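The block underneath contains the structure these notes are about, expressed in structure tokens.
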Amino acid sequence: MAMSVGGNGGGGRRRGGRRGGGRGGPIADINVTPLVDVMLVLLIIFMVAAPMMTSGVPIDLPQTQAGALNAQTQPITISIKADGQVFLQETQINVTEIAAKLKAIATTGYNERIFVRGDGKAPYGVIADVMSRIQEAGYKNIGLVTQQITDH
């Protein structure tokens, strides 16, 4: 006397289990639509935000024929506005404090690149004074930032 326990109506294979090819089994496909949606949103965010990540001090750079420099690391930036105000990164400082502040932030020695961004209308004497104080602090890798001339 044998008795069957289970609701599949007798012997044989059951449908819908782990090994069965039934309709209620797990799906092995990956849905990439949400991933693509997220990636497109991030792309749009970075495309909008990238132009806003330039240096914060607004100045009118002089135009030259020189090409762009290839910079692997973020340089130290010193900006000089048309009225002679001097900024280290985005913080306004006095010209006499430049050497002391640069010596204090020399993390990788004095081989870091320093960019001097001087407004086209800034007094030449102020720019020359700033550059001499940078050299006084021990830095040798100094570059003047200009805007490349565009052909119209």
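In region 119-146, the residue that is most open to solvent (accessible area, probe 1.4 Å) out of those that are within 18 Å of Q74 (Cα to Cα) and not in a loop (DSSP other than H, G, I, E, B) is L144. For residues that are open to solvent by less than 40 Å² (accessible area, probe 1.4 Å) and part of a loop (DSSP other than H, G, I, E, B), scanning just region 100-111, find the one that is nearest to I78 (Cα to Cα). Applying the filter and picking the extreme gives A106.
Could you tell me whether L88 is touching a helix residue (DSSP H, G or I) at 6+ places or on another chain (Cβ under 9 Å) and modelled with pLDDT of 70 or more? Judged against the criteria, L88 is a match. Among the residues examined, V116 qualifies as without any contact (Cβ under 8 Å) to a residue 40 or more places away in the chain, surrounded by 18 or more Cβ atoms within 10 Å (Cβ to Cβ) and of a type outside the set (K, R).
Kindly provide the set of residues from region 78-94 that are farther than 14 Å from G143 by Cα and open to solvent by less than 30 Å² (accessible area, probe 1.4 Å), ordered by number. Correct list: G84, V86, F87, L88, I93. Here A104 does not qualify as hydrophobic (A, V, I, L, M, F, W, C) and farther than 19 Å from N141 by Cβ.
The values are calculated or read from the model by the stated rules, or taken from the named source; none is laboratory data. Keep in mind the model is a prediction, meaning the values are calculated, not measured. Don't worry about glycine lacking a Cβ; one is built from the backbone with ideal geometry, like all the others, and counts go over all protein chains shown. The area values use the complete protein model at the heavy-atom level, side chains included, leaving out ligands, DNA and RNA. Shrake-Rupley method; radii C 1.70, N 1.55, O 1.52, S 1.80 Å.
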